[in-house]
Amino acid sequence: MTDEEKLFARKASGLIKEASATKAAFFNIANIMGSKFAWSVAYLGLFPAGLILGWPPYLLICLIIGLLSYITAILYIQFTTPMPRSGADYVIPARILGPFWGFINSWMIVWSWIPVWGWMAWVTVRNLKQLLDVLSIVNVIQGPFGYIINSPTVWILGILTIVFAMILCMLPPRRYYTVLSALAVFSIVGLILTIIGVVIGMPTFESNFKMYLGYSTTELVNRAIENGWNPNETLTFNSLIGLLGYVLFVIGGYQYSATISGEIKGDVKKGLTISIIGSLTFFMLYQIPFVWLVLTGFGYRNVIGWSYLFWNTDIAPFGLPPINALICTIGTPNLWPLWFIAGVAGVFGTWLCIPASMVYINRQIFAWGIDRMVPKTLADVHPRLHQPMKIFLLEGLMGIIFFATTITGVNPVSYALWTTLLMSTSLIFPGIIPIVMKKRRPDLYRAVPWKKAFVPLGILQLAWIIPVYLIAGVYGSAPITPEMSLWSWAITTGLIATLVVIIAGVIIYYSVRAWNIKKGIEFDKMFKLIPPE
Amino acid sequence: MIHTRIYYCCDIHGSETCFRKILNAVKYNIYNASVVIVSGDLTGKMIVPIVKNTNGTFKTKFLGSEILIKSNNQLNEVAKQISDCGYYPYIATVNEVEEIKENRKRFAELFSNLVVKRIEEWIQLAEERLKGKHVKFFMVPGNDDDPRIAKILEHSNVIAYPENKVVTLDDFHEMISIGATNITPWRTYGEFTEEELAKKIDDLTSKVRNISNCVFNFHCPPFDSGLDLAPKLNEEFQPIIVGGEILKVPVGSTAVRQAIEKYQPKLGLFGHIHESPGDVYIGRTLCLNPGSEYSEGILRGYIIDVDKEKILRYYRVEG
């Protein structure tokens, strides 16, 4: 409200929420970072391809998908602003497309994330072990630290990782967002330290690399070539869609503040704009110039060749990928405390993904409870902590179960189609909602910001996401080969497991609906639009 | 099983959209409720001046945007948008706007007149749309509401005005209503000390035949019930910030809380604190606060089915 508007207002209390726009942005950033943080360049060997326009194709794909994602980002701001809700990924499709689609969309999102907690717990423990490995390279401590990722240590640390995330989530929302933001800031400080490490380490990297490993970076590249890497490989259709598919799914998270929009303080449109556009821009900055700097600083062929060796052989330098803390330590070993801090920040950056996404999922299950999609008691908010504690306990339990499955070798996130299929509706619905909203919820449509652009952006969203999703997400992640039977393809790609989860969601929805109707709850009227005229 | 269905909503704060939705919910039998309770606050919080320019155009500032209005159609459209959000559009010259800014008495009079005018229009609309509907339709003001609206509500043919009365909802249930609240920092129209509130409640409950089946329709939620969390304010009415965040405290009424604990009615219907919606049991009493999103035009409410013995079911609805 402007000062002039205040003159004409009667004094009264306004809506008070717990998350500021900045904290909502850090909430998104915490969701984005995940495993990508400390391993910014370490994954690139998975997608080896030559340079295009002097850039690695990965960066160009990040730029293209990132720019297209601004369409999605603006749409999230537009359709969330008229009805800010906790659990908006469920609530908004439920109110606009119907309760079935709202439930199925969020059910699929929930199941795309739950196994990730188990996986990320393992990744956090692994990153911790690698951090100690880096310290042992500069003789600060003595290794080996392999026991950390073996029983029983890995079990203890992994479970603690999930329990600590759960405890952080259980803090009162105000404190939770503050702690999460502080840790996200710390992780970003780690990134800045890494940039410094790259800049000052460039002149000495080559000589130090030879000093530690006994062979030069040229030899490193030759070893990679001997093991099948082609540094001059051009971008092929298959490598293009592989990269597209990867970037499409790592970019997610910038829009998650929409699902805590019911908790954003003050002007919701402003809060969502700052948090969503801000975190997407952070992603672009962190993925593109940062990765470019590391690749340029230490040499494109050196870094990608190293990464290739890690993913495809067991002769990677130090047995490690080119993680940020390691390459900085090689560059300027005497400044190891700084790179250690960057490494610790990287471990936190990885771990933060768990408490951030736990709240993201928590709010969706909370919204189910409010709408009687699950027993209402699940949505009970603790009177002192102001958090739906039962859901966090359930999430912690599920996280531990999937950590156990990760350790024993079966985590559904490793299936090619698991995340791809479960994220499908959340990528496509942002395009459909604008097209149907005017007819189905004219009352909400009236309050959409930048209304003239709403439907055109929805059409643009569908125009880019559907082909990219089908070609890169589905075909690119799980190509079928002639020697493979359809059944074995469906099993090994996780198609069957994913379909089982989706069908279970459909059965649960209709069972709950029938149960509610039997109890006299007129289910369809819970969200029925009353004519506003 | 014979039961009574109650539809309860509150804090629509002058929103044309929300009020029309309430009437349409009855007109089209959307919730099939036989009792509809619309509790305060009923009236809006702000006048939005639309300034008439000398060249025949108009301009206004609304929701952070400056709008230039070039035609009567556009003027009507903007005025409707303002009313839909619960505010009062007011067309005036630049000089008149300046005068209203300077003269708070003039502002208060204008505000009161606009409030009364809208309530009168609402009652007229209700009489058209509720005609022939066999629904008990109650409207009770809240602490924010100008006392002048009470008289308008009292004289309606289709709307019952239950403030400070014992009214019957069906053969088994009575309801007592108090739109006033405990003291707020804003010193609004309907505020009493906790002692005064306790006395009002005790006076009303003494007239109830069966307190265990009674419905307490009080605007102010019970203290520390989870339905009453609001920002703690300093002496300048600014929220107190601790660690960069707004400090929230329970602001409900201790008198209401004690009354619920003492009398244990079947149902408690509350509002007042928009940001603290929810449902909670205090002993055997189900306490509900639907919260409010009036400015977005979202009508939040509860459906409650009750029979002679108990609450059969309740669930939140969003129209």
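The values are calculated or read from the model by the stated rules, or taken from the named source; none is laboratory data. All values reported here derive from a predicted model rather than from experimental measurement. Don't worry about glycine lacking a Cβ; one is built from the backbone with ideal geometry, like all the others, and counts go over all protein chains shown. Please note that ligands, DNA and RNA were not included when accessible areas were found on the heavy atoms of the full protein model with its side chains. Shrake-Rupley method; radii C 1.70, N 1.55, O 1.52, S 1.80 Å.
What to note about this one:
- Neighbours of B:Thr285, meaning other residues whose beta-carbon lies under 14 angstrom from its beta-carbon, give a summed charge of +3 when Lys and Arg score +1 and Asp and Glu score -1.
- Over region A:384-533, Cα pairs under 8 Å with separation of 6+ residues give a relative contact order of 27 percent.
- Accessible surface buried at the B:A interface totals approximately 4800 Å², computed with a 1.4 Å probe on protein heavy atoms.
- With contributions of -39500 (n - 2.57) from each DSSP H run of at least four residues, the per-residue ellipticity at 222 nm computed over the protein assembly as shown stands at -17000 deg cm²/dmol.
- Tensor-based shape of region A:398-533 (alpha-carbon gyration tensor, a/c under 1.5 rounded, otherwise prolate or oblate): oblate
- Inter-part distance where region A:317-331 and region B:165-193 are each reduced to a Cα centre, Å: 69
- Each other residue within a Cβ distance under 11 Å of B:Ile119 adds +1 if Lys or Arg and -1 if Asp or Glu, for a net charge of 0.
- Computed from Cα atoms alone, the Kirkwood hydrodynamic radius reported for chain A is 24.4 Å.
- Rounded Å value of the spacing that divides the Cα centres of region A:134-169 and region A:343-392: 25
- Residue separation of A:Asn227 and A:Met202 scaled by 0.36 nm, minus their Cα-Cα distance, works out to 6.4 nm of gained length.
- Stretch gain in nm, segment A:Thr296-A:Ile517, where the contour uses 0.36 nm per residue and the Cα spacing is subtracted: 73.3 nm
- Accessible-area composition of chain A, carbon plus sulfur, in percent [1.4 Å probe]: 71
- Options B:Asn113, A:Asn227, A:Ser136, ranked by Cα towards positive dipole end of the protein assembly as shown, top entry (Cβ charges): B:Asn113
- Trypsin sites (Lys or Arg not before Pro) within region A:340-417: DSSP coil, no more than 10 neighbouring Cβ in 10 Å: A:Arg384
- With the charge dipole of region B:129-256 set up from +1 on Lys and Arg Cβ and -1 on Asp and Glu Cβ about the Cα centre, the Cα lying farthest toward the positive end among the listed residues B:His155, B:Leu204, B:Ser177 is that of B:His155.
- Accessible surface for B:Asp144 stands near 10 Å², nearest 10, in the context of the full protein assembly shown (1.4 Å probe).
- Charge dipole (region B:5-84, unit charges on Cβ, about Cα centre) - positive-most of B:Ala25, B:Ala79, B:Ile37: B:Ala79
- Spatially proximal lysines relative to B:Lys207 (Cα-Cα < 24 Å; intrachain offsets below 8 disregarded): B:Lys136, B:Lys151, B:Lys165, B:Lys199, B:Lys262, B:Lys266, B:Lys308, B:Lys310
- Cα gyration tensor, region A:342-438 - rounded (a/c under 1.5), prolate or oblate: oblate
- Pair B:Glu127, B:Lys80: separation of 7 Å Cα→Cβ label points (nm): 2.5
- Averaging Cα coordinates gives a centre for region B:298-319 and one for region B:40-86; these two points are 36 Å apart.
- Separation of the B:Asn210 and B:Arg106 label points, Cα + 7 Å toward Cβ, nm: 5.8
- Residue-count net charge about A:Phe103 - beta-carbon cut-off 10 Å; Lys, Arg +1, Asp, Glu -1: 0
- Residue-normalised accessible area of chain A, expressed per residue, 1.4 Å probe, Å²: 37
- The residues of chain B expose, per residue, 41 Å² of accessible area to a 1.4 Å probe.
- With contacts taken as Cα pairs under 8 Å and at least 6 residues apart, chain B reaches a relative contact order of 20 percent.
- Antiparallel bridge percentage (DSSP; both residues within the protein assembly as shown; nearest 5): 55
- When only Cα pairs below 8 angstrom with a gap of at least 6 residues are kept, chain A shows a relative contact order of 32 percent.
- Length gained on full extension, A:Ile508 to A:Val140, computed as 0.36 nm times the residue gap minus the Cα-Cα distance: 127.0 nm.
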